[in-house]
Amino acid sequence: MRKFNISIFWSSLVLLGVSYLLMKYVVQPPLPSSILAMYVGMILFAIFIYVTVEEERMREFLQPIRGLFLDEKKKTWQTLVLIGFPLAIGVYSFNAFSPKISPPAELRTVHPAPPDEYVGLVNPLRESGEGGAKPHEGDLEEHVQKGAEIYFKNCFFCHGDALDGKGHFAEGFTPLPANFRDQGTIAQLQESYVFWRIKTGGPGLPTESQPWNSAMPIWEDFLTDEEIWQVILYIYEGAGVEPRTWE
Amino acid sequence: MENIEYRISNIESRIASRLPASRFLLLALFSLFMLFALSAFAQEPAYRHFPLIGSRNAIWIISQLHLMFAAFILGVPIFAVIVEYIGVRTKDPKFDRLAKEFTKLLLIAFSTTATFGAIMLFLLIGLYPNFFNYMSSIFFPTFVIYSLLFFGEGFSLYLYWYSWDKLMNKKWLHITFGIMLNVFGTLLMIIANTWVTFMMSPGGIDEQGALISLWGAINNFTWIPINIHRFIANICFGGFIVGAYAAYRFLSSKTDEERAHYDWMGYVGNFIGTAALIPLPFAGYWLGKEIYEYSEPLMIRMMGGELSWLFIIQAILIGVLFIGANYYLWIALSRIKGGERFRKYVKYMLFLLVICFAIWMTPHSLVASLEEARKIGATHHPLLGVFGVMSAKNTAVNLIILTTFFSFMLYQRANKIETVTWAKKGKIAQIIILGSAAGVVIFYGIYGYYVPAAVRIGFSVYQVSAVLAAMILVTILSSLILRGATSMGTIEWGKMPARSQYTLIVLALTIVTLMGLMGYIRSATRADWHVYRVLRDTSPEAFTPTIAYATQMISIITFIFFAFICFIFWLGHMGEKQ
């Protein structure tokens, strides 16, 4: 059986093409174009390194390119490449920079620094501050129950009954409401931080990184501090994650 | 006539009648002017404006340039003395020549560093007098010590350089001068670090900011970790800049002998740079932890707020450093007889590095359009979100470090044939050790997703310990396995393609940019405070610049630094020709 040999140049192109198609169409949900561009750039970078690390391989890689431009018999191909390649780049550039109806991609800051007054706060329903007695276990369960009631009266419309950010109104917001089951949301945060975010909502976000996209209401207008702590107990309990603590 | 006289007298009388009023007005205006003007003169202005670019940018550029040169003149003597010592031990004159060449670069860079330091001081006094007064009220005794140490550093540098040939037969005395130079230099850095770290995590003061304890102000939260971090980073910085110098000299060499020498120098520069780069992420992690312990908002602003985007750039730069250093080594295998045996591993190492690099630089919050965010349908992408957290990042960087170490290991034994009877078993043991370390790293990386954050943070210690232990054990085993090894051929120094030298220049460019970037991040974390929560910056330039603005400034500073460095390289080259 004849061994099928493909030159390093063409195999690199195939690798690049297949990787692109896989990332673009197979990975679900689709990758944002910024990430796709970054990964394709990395693959190109890796191909460059692999090819140029050895002299012979580099020569082999360049052979088809040299062959194309130095072979007098390939005038038609040379013309096609010389016109087609810059044209393709031009089309890409035109598409990339032409104004679109949809808003451009944005660089969101998701974790701004909290104001001083919230730093180091402990949930008084879970554990009391320095010198205080720890709340009773039975009380904690009661607070979680109350937190659940508050959650379903106020929060679940956006954050969902499964605490996954897929509430009835979720689709109306950009960005989507936080998914508490995601390890990257409340599991990464201390309760004091969550308390600040609930209490002051979107308008309470700091001046840095403005303008903010947050539809979170100012809950201190509707809930007491104790109710906010109760709802915090519930969302951690319900999402099955632990609040972040410092050693 | 009478009529005219009458008119004149009438005008005179009118003028006379108005004079007291106009005088009074003049008097009032002058008094008002004096009131405001002299009161302004009486008070020291809090800020002065630097023309065209503004005060903040002026200080930013000058202090960053000063720091870059300082890193160079502090890092290079460390390995110059080590290389000289190796020369004494091995009795190989090429080490002595290399150490001397390092020191020559140092000599030219020393005065540039001092000049930038002086300009920075003048600018601080002139543009930020209140801030400087406050810092003087806390740290004046250290200013005096700093000046004395500066003399010490200058004298020991000149002593080290000018006694080089005279003390060829008294090398131990000469090395002692070199050690003195390092001691003075390191102490200078440690003192300057007290001022910088105090601005970030002030200590030793009361609620009004008045000094209670000088030692408390010096020994603030971030002082020790930044001393360690900068000490290692300076060696890394010096190594890569020396590598770039060697590359420049290699590319402009006319003879094979010169090419061989500068190829070797480039290799040594890259080795030192990479060896120091390996522990740097751990030192950075410790610094971050201390910042967090001092102030949670400070750390969150740095790594969770708007500055966090700059950490994506940091990840890319660190990735370029590691991959570039590996790439250089892989190319270098071609100049060693026997190196071709290990080429087959390159693709696997490259694959691993690229995968880790991709994870390392994947952001937690994605840059996505509205349409793309809708398609993702959640706050985080289910796949990419996994890569965005510290468990993934720590795993990736530890595996990158292990892979880089493996590249060095292969390079080291490229032309060696082991003669010890247990060589095969020893190599299997090395593979098991490295594999186990990788296993520990991956295990804790995955396990980290299932435990609370406080527990997860502790896992990084296990990961780092496994990697460090593996590197130490494998190095010891290597030295035992290679004892009495025979050679397949010598290293053909100078037989390197030009792209390997451009890689060294890229590494230097990357480390300079990285230093500029991280310096900015650390400084910008304080936001509108000169001294965090003690002395507020009320100047018109107290805003945090946009990411684009900051990165452009960092690029400009990198460009200026390289312009100076090229000039210094050229001077060194010219001096040699003469």
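Worth a mention:
- Some residue of the stretch A:169-190 being within 17 Å of the chain's Cα centre (by Cα), surrounded by fewer than 16 Cβ atoms within 10 Å (Cβ to Cβ) and not basic (K, R): yes
- Only one entry in B:S334, B:S365 is touching a Lys or Arg at 6+ places or on another chain (Cβ under 6 Å) and among the polar types (S, T, N, Q), namely B:S365.
- Against the criterion of being within 7 Å of another protein chain (Cβ to nearest Cβ) and free of Cβ contacts under 8 Å to residues at least 40 places away in the same chain, A:A105 does not qualify.
- Of the residues making up the stretch A:228-247, those that are among the small types (G, A, S) and assigned to a helix (DSSP H, G or I) are A:G238, A:A239.
- Residues that are surrounded by 10 or more Cβ atoms within 10 Å (Cβ to Cβ), outside any helix (DSSP H, G or I), facing chain B (nearest Cβ under 8 Å) and not hydroxyl-bearing (S, T, Y) do not occur anywhere in the stretch A:84-102.
- Flag for A:L80 being assigned to a helix (DSSP H, G or I) and under 25 Å from the mean Cα position of the chain (by Cα): no
- Failed item, numbered, when B:L350 is tested on (1) at pLDDT below 95; (2) within 7 Å of another protein chain (Cβ to nearest Cβ); (3) within 30 Å of A:E54 (Cβ to Cβ): (1)
- Near pairs, Cβ below 8 angstrom, 6+ apart or cross-chain, from the stretch B:301-320 (within 19 Å of B:K289 (Cβ to Cβ) and within 11 Å of another protein chain (Cβ to nearest Cβ)) to any residue that is of a type in the set (D, E) and assigned to a loop (DSSP other than H, G, I, E, B): B:R301/A:E208; B:G305/A:E208
- Checking the stated criteria, B:G385 turns out not to satisfy the condition of being more than 7 Å from chain A (Cβ to nearest Cβ) and without any contact (Cβ under 8 Å) to a residue 40 or more places away in the chain.
- Every condition in (1) of a type outside the set (F, W, Y); (2) at negative phi; (3) without any contact (Cβ under 8 Å) to a residue 12 or more places away in the chain holds for B:K91 except the one numbered (2).
- Among the candidates A:V144, A:V194, A:V231, A:V241, residue that is within 11 Å of chain B (Cβ to nearest Cβ) and in contact with a helix residue (DSSP H, G or I) (Cβ under 6 Å, 6 or more places away or on another chain): A:V241
- Scanning the stretch B:519-537 for residues that are assigned to a loop (DSSP other than H, G, I, E, B) and either in contact with a Pro (Cβ under 7 Å, 6 or more places away or on another chain) or modelled with pLDDT of 95 or more (or both) gives B:Y532, B:V534.
- Close pairs from the stretch A:25-50: first within 7 Å of chain B (Cβ to nearest Cβ), partner among the aromatic types (F, W, Y) and buried (at least 16 other Cβ atoms within 10 Å of the Cβ), Cβ under 7 Å, at least 6 apart: A:M42/B:F357; A:I49/B:Y327
- Residues that are under 23 Å from B:V389 (Cα atoms) and touching a residue at least 60 places away in the same chain (Cβ under 8 Å) number at least 2 in the following helices (runs of 4 or more DSSP H) confined to the stretch A:136-227: A:191-200.
Quick grid of which residues meet (1) assigned by TED's automatic domain parsing to the domain that holds B:R533; (2) within 24 Å of B:W172 (Cβ to Cβ); (3) crowded, with 21+ Cβ neighbours inside 10 Å; (4) aliphatic (A, V, I, L, M):
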| residue | (1), (2), (3), (4) |
| --- | --- |
| B:W60 | yes, no, yes, no |
| B:L67 | yes, no, yes, yes |
| B:K94 | yes, yes, no, no |
| B:R97 | yes, yes, no, no |
| B:K104 | yes, yes, no, no |
| B:L124 | yes, no, no, yes |
| B:Y134 | yes, no, no, no |
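- Selection count where residues are facing chain A (nearest Cβ under 8 Å) and either part of a helix (DSSP H, G or I) or out of contact with any helix residue (DSSP H, G or I) (no Cβ under 8 Å at 6 or more places or on another chain) (or both), scope the stretch B:354-364: 4
- Checking A:G165 against (1) surrounded by 15 or more Cβ atoms within 10 Å (Cβ to Cβ); (2) among the small types (G, A, S); (3) within 30 Å of B:A548 (Cα to Cα), the condition it does not meet: (3)
- Every residue from the stretch A:50-77 that is surrounded by 14 or more Cβ atoms within 10 Å (Cβ to Cβ) and not in a helix (DSSP H, G or I): A:V53, A:E54
- Sole exception among (1) of a type outside the set (S, T, N, Q); (2) within 27 Å of B:I316 (Cβ to Cβ); (3) touching a Pro at 6+ places or on another chain (Cβ under 9 Å); (4) in a loop (DSSP other than H, G, I, E, B) for B:F543, by number: (3)
- Restricting attention to the stretch B:185-224, the residues being farther than 18 Å from B:M135 by Cβ and surrounded by 21 or more Cβ atoms within 10 Å (Cβ to Cβ) number 1.
- Residues satisfying the stated conditions in the stretch B:163-184, i.e. without any contact (Cβ under 8 Å) to a residue 24 or more places away in the chain and either basic (K, R) or buried (at least 19 other Cβ atoms within 10 Å of the Cβ) (or both): B:K166, B:K170, B:F177
- In the condition set (1) within 27 Å of B:L384 (Cα to Cα); (2) at pLDDT below 85; (3) surrounded by fewer than 20 Cβ atoms within 10 Å (Cβ to Cβ), A:G240 is compliant with all but (2).
- So B:Y345, is it assigned to a helix (DSSP H, G or I), aromatic (F, W, Y), over 18 Å from B:Y520 (Cα atoms) and more than 7 Å from chain A (Cβ to nearest Cβ): yes
The values are calculated or read from the model by the stated rules, or taken from the named source; none is laboratory data. What you are looking at is a predicted structure, and each value in this text was computed from that prediction instead of being measured. Neighbour counts are summed over all protein chains in view; Cβ atoms, including those assigned to glycine, are modelled from backbone coordinates with ideal geometry.
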